[in-house]
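Chemist: The structure's right below; bear with me while I get my questions together.
The values are calculated or read from the model by the stated rules, or taken from the named source; none is laboratory data. Source: prediction; values computed, not measured. Reconstructed Cβ throughout: ideal geometry from the backbone, glycine too, with neighbour counts over all protein chains shown.
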Amino acid sequence: MTKLWKCQKCGRKFEKKNQMHSCTIYPVEKHFKGKEEMKPLYNKLKEKIKKNVGSFWVESLPCCIHLVTAPAYTFAAVYALRDRIRMHFGLDYKLESSRIDKFSQYSANRYMYSIDIKSEKEIDRELLSWLRQAYNLKHGV
């Protein structure tokens, strides 16, 4: 297992010593202020990822909610919106799907995807497969 550097101020863990980051910890509940009806969908999303993809922890930052797996690898980000959950995840290939709202290529073989989730039925095998691939990118699986 890789030895991680732990920030003495905020407690977050990183692979690189003195990794540049924000130490601002932002309670998850603040992401759902005024968007409370999306919290059960977020909880269902986390539950299905843990059951079908793997274990992870949550790092809630002012920008979004990171889903992180060992060793300190953010495999997805969640944004709470009024009528949906927006999720970002990265893959090492160009994904073709009408479900993808936006994508960008940020290196020779890394693509970032954005998908909106409006109901529990959209947390399906296809989405969980993409998240499993994103989760496993760091592990070379």
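Chemist: Out of segment 48-74, which residues are in a helix (DSSP H, G or I) and exposed (fewer than 12 other Cβ atoms within 10 Å of the Cβ)?
Modeler: 51, the sole residue that qualifies.
Chemist: Let me ask something else about it. For the subset of segment 81-115 comprising residues that are under 16 Å from the mean Cα position of the chain (by Cα) and aromatic (Phe, Trp, Tyr), which member is nearest to residue 39 (Cα to Cα)?
Modeler: 89
Chemist: Hey, another quick one. Does residue 126 meet the test of being in contact with a helix residue (DSSP H, G or I) (Cβ under 7 Å, 6 or more places away or on another chain), surrounded by fewer than 15 Cβ atoms within 10 Å (Cβ to Cβ) and modelled with pLDDT of 95 or more?
Modeler: Working: in contact with a helix residue (DSSP H, G or I) (Cβ under 7 Å, 6 or more places away or on another chain): no; surrounded by fewer than 15 Cβ atoms within 10 Å (Cβ to Cβ): yes; modelled with pLDDT of 95 or more: yes.
No, not satisfied.
Chemist: Let me ask you something else. Just give me the residues in segment 85-112 being of a type in the set (A, V, I, L, M), assigned to a strand (DSSP E or B) and more than 15 Å from residue 137 (Cα to Cα), in sequence order. Working first, answer last.
Modeler: Restricting attention to segment 85-112, the residues satisfying the condition of being of a type in the set (A, V, I, L, M) are 85, 87, 91, 95, 100, 108, 112.
Those left that are additionally assigned to a strand (DSSP E or B): 85, 87, 91, 112.
Correct list: 85, 87.
Chemist: List pairs: first in segment 75-104 and farther than 25 Å from residue 40 by Cβ, second of a type in the set (D, E, K, R), Cβ under 8 Å, 6+ apart or cross-chain?
Modeler: 90/110; 91/110; 92/110; 97/126; 103/94
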